[in-house]
Amino acid sequence: MRLILLGPPGAGKGTQAKNLTEAYNIPQLSTGDILRSAIRAGTPLGLQAKAIVDRGDLVSDEIVNGIVSDRIDQEDARNGFILDGFPRTIPQAEALERMLEEKAMKLNAVVEITADAETLTRRIINRAREGAKTSGARADDNEEVVRNRLNVYREQTAPLVEYYRTKGLLKTVDGMAPVEEVTAAIMQAVKE
Ligand code: ADP
């Protein structure tokens, strides 16, 4: 199973990806998680990405395309993967298409998880407050940066919805339902 989860920040992609990895026994491939761990570890990639991620802007296509290509080649991704946070731009989607073609792999579906803007902002601000209590706060979860991330989504990532609809791969699921219901809806949509 090869899936892309698409949706604005706060829609629940990460939560759903985690549930789906258990259901399908395939890894979650989150470019956000990979970038955050590089930043924490202070690797050259992390040093390059930190300021960009902290502002809520997008890291260059070249960097994330490389991350994804390497990650897809790892043994545990051979039978499939759930992409969470990639692609985020049309050029990234085109690069992914080329990568998969080279590796003779095919996408099963692209699942768009929807939620209204108010809910999204509230969820992320809550995540920041919870994170602050456990020192797990993300530097990009403050209100101003959240607004920027939502704008970046609207401008650069939302066009992927039409892109994948045209390719006949798009499934849309309501992300406002309870977590387990959203997971069930995704699994149902992927089967259809
Ligand atoms: P969110 O929870 O907002 O969906 P992620 O955890 O997926 O965010 O990503 C956090 C940040 O990492 C993004 O705001 C961006 O700076 C960077 N990033 C993650 N994936 C990509 C990507 N595919 N292209 C460019 N930048 C990315």
* To do: Give me the pairs, please: first residue somewhere in region 40-65 and within 23 Å of Ile90 (Cα to Cα), second residue anywhere and within 8 Å of the ligand (Cβ to nearest atom) and of a type in the set (Phe, Trp, Tyr), beta-carbon distance under 9 Å, and either six or more positions apart or on two chains.
  => Val64/Phe86; Asn65/Phe86
* Output the number of the condition that Ile82 fails; it satisfies all remaining conditions of (1) over 20 Å from Asp141 (Cα atoms); (2) surrounded by 17 or more Cβ atoms within 10 Å (Cβ to Cβ); (3) at pLDDT below 95. => (3)
* Looking at Glu144, Glu181, Glu192, which one is out of contact with any helix residue (DSSP H, G or I) (no Cβ under 8 Å at 6 or more places or on another chain), of a type outside the set (Phe, Trp, Tyr), modelled with pLDDT of 95 or more and surrounded by fewer than 15 Cβ atoms within 10 Å (Cβ to Cβ)? -> Glu181
* Asked: (1) within 13 Å of the ligand (Cβ to nearest atom); (2) among the polar types (S, T, N, Q); (3) out of contact with any Asp or Glu (no Cβ under 8 Å at 6 or more places or on another chain): which one isn't true of Thr43, the others all being true?
  -> (1)
* Taking the condition touching a strand residue (DSSP E or B) at 6+ places or on another chain (Cβ under 7 Å), buried (at least 17 other Cβ atoms within 10 Å of the Cβ) and on the phi < 0 side of the Ramachandran plot, does Leu150 pass? -> no
* Tally, over region 142-192, of residues that are part of a helix (DSSP H, G or I) and either farther than 19 Å from Asp54 by Cα or within 15 Å of the chain's Cα centre (by Cα) (or both) -> 28
* Matching entry among Ala137, Ala104 (being assigned to a loop (DSSP other than H, G, I, E, B), in contact with a helix residue (DSSP H, G or I) (Cβ under 6 Å, 6 or more places away or on another chain), of a type outside the set (S, T, N, Q) and without any contact (Cβ under 8 Å) to a residue 12 or more places away in the chain) -> Ala137
* Looking for whichever is of a type in the set (Asp, Glu), away from the ligand (no atom under 12 Å from the Cβ) and part of a helix (DSSP H, G or I) here; the options are Glu112, Glu94. Which one fits? => Glu94
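Out of Leu29, Leu83, Leu20, I need the residue that is more than 10 Å from the ligand (Cβ to nearest atom), assigned to a strand (DSSP E or B) and in contact (Cβ under 8 Å) with a residue 24 or more places away in the chain. Which one? Let's see the steps before the verdict.
Numbers: Leu83 fails: more than 10 Å from the ligand (Cβ to nearest atom); Leu20 fails: assigned to a strand (DSSP E or B).
Only one candidate qualifies: Leu29.
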* Structure fact -> Counting only residues in region 153-178 that are charged (D, E, K, R) and either under 16 Å from Arg123 (Cβ atoms) or in contact with a helix residue (DSSP H, G or I) (Cβ under 8 Å, 6 or more places away or on another chain) (or both), the one surrounded by the fewest Cβ atoms within 10 Å (Cβ to Cβ) is identified as Asp174
* Asked: Just to be sure, is Leu5 more than 7 Å from the ligand (Cβ to nearest atom), out of contact with any Cys (no Cβ under 9 Å at 6 or more places or on another chain) and in contact (Cβ under 8 Å) with a residue 12 or more places away in the chain?
  -> yes
* To do: Pull up region 51-70, narrow it to residues that are near the ligand (Cβ under 6 Å from one of its atoms) and part of a helix (DSSP H, G or I), then point me to the one that is surrounded by the fewest Cβ atoms within 10 Å (Cβ to Cβ).
  => Ile52
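The values are calculated or read from the model by the stated rules, or taken from the named source; none is laboratory data. Predicted model only: the values in this text are computed from it and were never measured. Because the Cβ atoms are built from the backbone with ideal geometry, glycine has one as well, and the counts that use them run over all protein chains shown.
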